[in-house]
Amino acid sequence: MKLRVCILGSTGSIGTQALEVIRLNSDRFDVVALSCSGKSCELFLKQVEEFEPLAVATVSECSQLSGVRVFTGPDANERLIEEVEADIYLVALSGTSGIMPTYKAAATGKRIALANKESLVSAGRFIVERARLFGTEIIPVDSEHSAIFQCLLGQDTDAVKRIILTASGGPFLNIPVEQLKQVSPEDALKHPCWNMGPKVTVDSATMMNKGLEVIEARWLFGLPPESIEVVVHPQAIVHSMVEFWDGSIMAQLGTPDMRIPISFALGYPFRVPSGVKSLNFYNLCLTFEKPDTQKFPLLDLAYRALEREDVLPVILNAANEVAVNAFLERRIAFTDIPKVVEMCMDGLSDREVSSIEDVLRLHEESVSTALEIVGG
Ligand SMILES: NC(=O)c1ccc[n+]([C@@H]2O[C@H](COP(=O)([O-])OP(=O)(O)OC[C@H]3O[C@@H](n4cnc5c(N)ncnc54)[C@H](OP(=O)(O)O)[C@@H]3O)[C@@H](O)[C@H]2O)c1
């Protein structure tokens, strides 16, 4: 029996690579549902024609969609999950748009293949608790968390001393801190190792991506922040590591290509072809260094956010999304991004969060505060 796959965000970087993996494994997977925001209608129509899903969802309408059930509107992804049964829900939506669909998918009792880190950053406790309650498994797609998940397979999880998340360091790893103020969106969008969507690429340049991943790891693996370390590894070959109490360290390595963690999350517990070329070890030089948190303060802010883990990450995530957009629209400088995030965290730190509704309310409040700071 083929596994039925629903891909939320099928037109993005993760979504299109997932469809490549599925194309290679058409005997194992069947695409039953696809979604996008509605900005990439042309590509979406091609995907619908090729994969013939039962249903699709778009936030804004894509005209010419025919012969398929269509959900539209701001909650289209959630309605798609409710109406179309799948064995795997791949959440490849960008940014905050992933929170409610992931929360919804957590109640299906099926598998979530989770690329969208922002959902766990903002609503980690509520998503993880709900998934546990409904028996939904969450298999990470983020390459670092996929690596850790793989290193932990068959291991005594009580014996974990620390996990070590690797970071490529992004395009500005080696430029002097004084030059960061002048970098443009085009500079920030040139990632040295990965070809990703714009939000995550800018997050990699500020190292907020690693901060978000620290918080994501806290929820996925149930570890305290002091057991989660970050090390800069510019070659992006070691995708992350786990150290055990006996001093043994397990690592997962591979060509930096997201089709590896995507195929792992879809195929688990089996390995399926990903289409990725074997790693060439000749002349390979692997280096590791300490992150410079003076130059990239967002990493420290993410650790600080975990001091109030249900509240501050919501603010951090929302403020960062607004600041990244403002930077991409050339309204603020690259070095203003951490300032906006810190101001929002300081200003709203007394809020309380005890439900998913509180998360959404605080998210909205943080967005408004951040918009005021960046000037609209
Ligand atoms: N790309 C990577 O290599 C990578 C690696 C690790 C983790 N991740 C994580 O994976 C997630 C996706 O990243 P990405 O790089 O694939 O992003 P992306 O290229 O920007 O694609 C985002 C996808 O989500 C859709 N989308 C955006 N907002 C939506 C909304 N409100 N409702 C419905 N669909 C919406 C987009 O549709 P349209 O095209 O129609 O706008 C597109 O299909 C992010 O959380 C990122 O951090 C990505």
What helices (runs of 4 or more DSSP H) completely inside segment 76-136 contain at least 2 residues that are touching a Lys or Arg at 6+ places or on another chain (Cβ under 7 Å)?
76-83
Filtered residues of segment 1-52 (kept if away from the ligand (no atom under 15 Å from the Cβ), acidic (D, E) and not in a strand (DSSP E or B)):
D27, E49, E50, E52
Report whether or not A76 is in contact (Cβ under 8 Å) with a residue 60 or more places away in the chain and either more than 18 Å from V314 (Cα to Cα) or near the ligand (Cβ under 10 Å from one of its atoms) (or both).
no
Odd one out for L223 among (1) of a type outside the set (D, E); (2) in contact (Cβ under 8 Å) with a residue 12 or more places away in the chain; (3) farther than 30 Å from R308 by Cβ
(3)
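Can you tell me how many residues in segment 201-229 are under 30 Å from D158 (Cβ atoms), polar (S, T, N, Q) and more than 10 Å from the ligand (Cβ to nearest atom)? I'd like the intermediate steps shown before the answer.
Keep residues of segment 201-229 that are under 30 Å from D158 (Cβ atoms), which gives 209-229.
Filter once more, so that each one left must be polar (S, T, N, Q): 209, 227.
Subsequent filtering for residues that are more than 10 Å from the ligand (Cβ to nearest atom) retains 227.
So the count comes out to 1.
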Check F244 against each of (1) out of contact with any Leu (no Cβ under 8 Å at 6 or more places or on another chain); (2) closer than 30 Å to S10 by Cα and name the one condition it does not meet.
(2)
For A92: the one exception among (1) surrounded by fewer than 20 Cβ atoms within 10 Å (Cβ to Cβ); (2) within 16 Å of I7 (Cα to Cα):
(1)
Filtered residue count, segment 171-200, keeping only those that are of a type outside the set (S, T, N, Q) and more than 16 Å from the ligand (Cβ to nearest atom):
11
Per the list (1) within 13 Å of the ligand (Cβ to nearest atom); (2) out of contact with any Cys (no Cβ under 7 Å at 6 or more places or on another chain); (3) modelled with pLDDT of 95 or more, residue check on S168 breaks on (2)
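The values are calculated or read from the model by the stated rules, or taken from the named source; none is laboratory data. Note that the structure is a prediction, hence the values are computed from the model and not measured. Cβ coordinates were reconstructed from backbone atoms using ideal geometry, including for glycine residues, and neighbour counts include every protein chain displayed.
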